[in-house]
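A quick write-up on the structure given underneath.
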Amino acid sequence: MKFVEHTSGLYVYAPHPTNSRTVAYTMLSTAAHQKNFFSRREVQASNAAHELYCKLGCPDEAKFQSILSQNLLHNCPVTPSNAQRALAIYRPNIAVLNGKTT
């Protein structure tokens with residue numbers, strides 16, 4: 001599969017028109033799709049973890065895990081496993097990644 005740069009800057013895949021076996025491709029993974037892999041209770045707990053992550057100013061994932069595992073937030077219902085599930089569902093915050101990388 002060869003990806004070419006579009007005029008907007010995105011890289012897109014344009015299948016060869018003579019290949020009749022190629023019908024459609026979808027390469028997106030949405031949060032709604034990821035939620036299907038977990039139970040309703042796990043999704044609710046991961047929503048709470050994601051909300052807490054945003055309220056704390058989106059710290060580094062390792063720092064967030066250490067805050068939760070060391071119980072630095074007293075009476076916090078969010079566990080480190082909830083934070084891992086939230087990361088699996090929502091993926092890393094793009095704005096934070098852009099701000100922390102060169």
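Since every read-out is calculated from the coordinates, none of them should be taken as a lab result. Bear in mind that the values here come from a model prediction, so they are computed numbers and not experimental data. When we count neighbours, we look across all protein chains shown, and the Cβ atoms used for this are built from the backbone with ideal geometry, even at glycine.
With the Cα gyration tensor of the stretch 30-100 giving a ≥ b ≥ c as the square roots of its eigenvalues, does the rule (a/c under 1.5 for rounded; else a/b larger than b/c for prolate; else oblate) give rounded, prolate or oblate? Show your work: numbers first, answer last.
Numbers: a/c = 2.18, a/b = 1.11, b/c = 1.96.
Verdict is oblate for the stretch 30-100.
Residue farthest toward the positive end of the dipole of the stretch 30-100, with Cβ of Lys/Arg at +1 and Asp/Glu at -1: which of ILE67, VAL43, LEU56?
Farthest towards the positive end: VAL43.
Would you please classify the overall shape of the stretch 38-79 from the alpha carbon gyration tensor, given that a ≥ b ≥ c denote the square roots of the eigenvalues, rounded means a/c under 1.5, and beyond that prolate means a/b larger than b/c while oblate covers the rest?
It is prolate, given that a/c is not under 1.5 and a/b is the larger ratio.
With label points built 7 Å along Cα→Cβ from the Cα atoms of VAL4 and GLU51, find their separation and express it in nm.
4.7
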